[in-house]
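The structure appears right after this line, and notes come after that.
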Amino acid sequence: AAFMALMMIMGNDAYIANGSVTVFSGDILGFIIYGLSFPLIVLFKKILKMRMKIRKCQITINGKKIDVSLLYDSGNLLMHKGVNVAVVSWDAIKDALGTDTYEDFVIIAEDRMIFNTVGSNGILPVTEPEKFLLDGREVSVKLALINKKFNTYDGIIGI
């Protein structure tokens, strides 16, 4: 929008159609402005796209509410006994679980599930939260805990 405004102020025509910007300009200044703004537009789109993939969740376990950010992963089709599974980092929710270590939780976990991915396979401890809010609405989800930290989020979810 800022690029279009600059071009119109300079007396050029700019239109938006089908999600694309078309600019009619024959001068070098228009080319320079477009050249400088294009990388910023691409970066902004990538940041916006990534932000839309982060799901804000609130998990209630043992009466404690924990806010986590889960990355939406369309390839995460994990189900456990007919219920969607969110894979969550142990570090993100360990304070609500009542055990000191991941290994202790593996021993006392309510259930376990086998997983197979392209990169690995194994068994994860599974627990069912008292309440799971996904972007503000309550959904039925089981939590598979993994002893791994994620970069800018606390786990992944496929819904």
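Observations
- For Asp135, solvent-accessible area (1.4 Å; no DNA, RNA or ligand), Å²: 80 Å²
- With θ taken as phi - 60° and the Karplus curve 6.51 cos²θ - 1.76 cosθ + 1.60 applied, the whole-hertz 3J(HN,Hα) list for the stretch 120-132 is 6, 8, x, 10, 10, x, 10, 9, 10, x, 5, 8, 9 Hz, x standing for glycine and proline.
- As a ratio to 2.2 N^0.38 Å, the alpha-carbon radius of gyration computed for the stretch 46-159 takes the value 1.01.
- Taking the centroid of alpha carbons for each part, the stretch 132-151 and the stretch 60-117 are 7 Å apart.
- Note: relative contact order over the stretch 107-159, using C-alpha pairs below 8 Å and six or more positions apart, is 25 percent.
- With a 1.4 Å probe rolled over the protein heavy atoms of all chains, the accessible area of Val106, Val141 falls in the order Val106, Val141, largest first.
- Net lengthening on full extension, Arg137/Thr101 (0.36 nm per residue, minus Cα-Cα): 9.9 nm
- Accessible surface, per residue, of the stretch 69-140 when the full set of protein chains is kept, probe 1.4 Å, Å²: 58 Å²
- Sequence-ordered 3J(HN,Hα) estimates for the stretch 136-149 from the Karplus curve with 6.51, -1.76 and 1.60 and θ = phi - 60° stand at x, 10, 7, 9, 8, 9, 9, 10, 9, 9, 10, 8, 8, 9 Hz, glycine and proline given as x.
The values are calculated or read from the model by the stated rules, or taken from the named source; none is laboratory data. All values reported here derive from a predicted model rather than from experimental measurement. Side chains included, ligands, DNA and RNA excluded: accessible areas come from the protein's heavy atoms. Shrake-Rupley method; radii C 1.70, N 1.55, O 1.52, S 1.80 Å.
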